[in-house]
Amino acid sequence: QVQLVESGGGLVQPGGSLRLSCAASGSILRFKSTGWYRQVPGKQRETVAEITAGGSPNYADSVKGRFTISRDDASNTVALQMSSLKPEDTAVYYCNAKSTFVNYWGQGTQVIVSS
């Protein structure tokens, strides 16, 4: 059974930074991609950033230039460095790992951007 455990959420002021981390059970390289999604109440979960098994990152337009996704294969973790945070970045952030047939999700971590 795949487990994804997120950490690093919290409260930050606009313009500030946060780093989210997701630890996967077992090798992270067995997934087609890993990444981060976010969701606010009443809205669909949306892609924030993903990184393919080959190491290519993709970002939502709303976070390009502000967020950076990275993967550490040795520790089986994927991180999201978030900078220049805006109130509209407030959401529950979920770690995701995609295999051929299954999407795996972490439990979510809350990010609140507010003064």
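The values are calculated or read from the model by the stated rules, or taken from the named source; none is laboratory data. All values reported here derive from a predicted model rather than from experimental measurement. Note: ideal-geometry Cβ built from the backbone for every residue, glycine included; neighbour counts use all protein chains shown. The accessibility values were calculated without ligands, DNA or RNA, using every heavy atom of the protein model including side chains. Shrake-Rupley method; radii C 1.70, N 1.55, O 1.52, S 1.80 Å.
Do you know which of the residues in the stretch 48-58 that are in contact with a strand residue (DSSP E or B) (Cβ under 8 Å, 6 or more places away or on another chain) and open to solvent by 60 Å² or more (accessible area, probe 1.4 Å) is nearest to residue 89 (Cα to Cα)? Before you say what the answer is, go through the steps one by one.
So the first thing to find is which residues in the stretch 48-58 are in contact with a strand residue (DSSP E or B) (Cβ under 8 Å, 6 or more places away or on another chain), and the list is 48-53, 55, 57-58.
Now narrow it down to the ones that are open to solvent by 60 Å² or more (accessible area, probe 1.4 Å): 57-58.
On the way: 57: 19, 58: 17 Å.
Applying the filter and picking the extreme gives 58.
Condition check: in a loop (DSSP other than H, G, I, E, B), in contact (Cβ under 8 Å) with a residue 12 or more places away in the chain and open to solvent by less than 50 Å² (accessible area, probe 1.4 Å). Does residue 35 satisfy that?
Working: in a loop (DSSP other than H, G, I, E, B): no; in contact (Cβ under 8 Å) with a residue 12 or more places away in the chain: yes; open to solvent by less than 50 Å² (accessible area, probe 1.4 Å): yes.
No: the conditions fail for residue 35.
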Scanning the stretch 95-110 residue by residue, those out of contact with any Ser or Thr (no Cβ under 8 Å at 6 or more places or on another chain), crowded, with 17+ Cβ neighbours inside 10 Å and not in a loop (DSSP other than H, G, I, E, B) turn out to be 104
Pairing a residue in the stretch 6-26 that is on the phi > 0 side of the Ramachandran plot with any residue that is of a type in the set (D, E, K, R) and open to solvent by 40 Å² or more (accessible area, probe 1.4 Å), where Cβ atoms lie under 9 Å and the two sit 6 or more apart in sequence or on different chains, gives 8/19; 15/86
A careful count of residues in the stretch 59-74 that are open to solvent by 60 Å² or more (accessible area, probe 1.4 Å) and either of a type in the set (Val, Ile, Thr) or not in a strand (DSSP E or B) (or both) gives 7
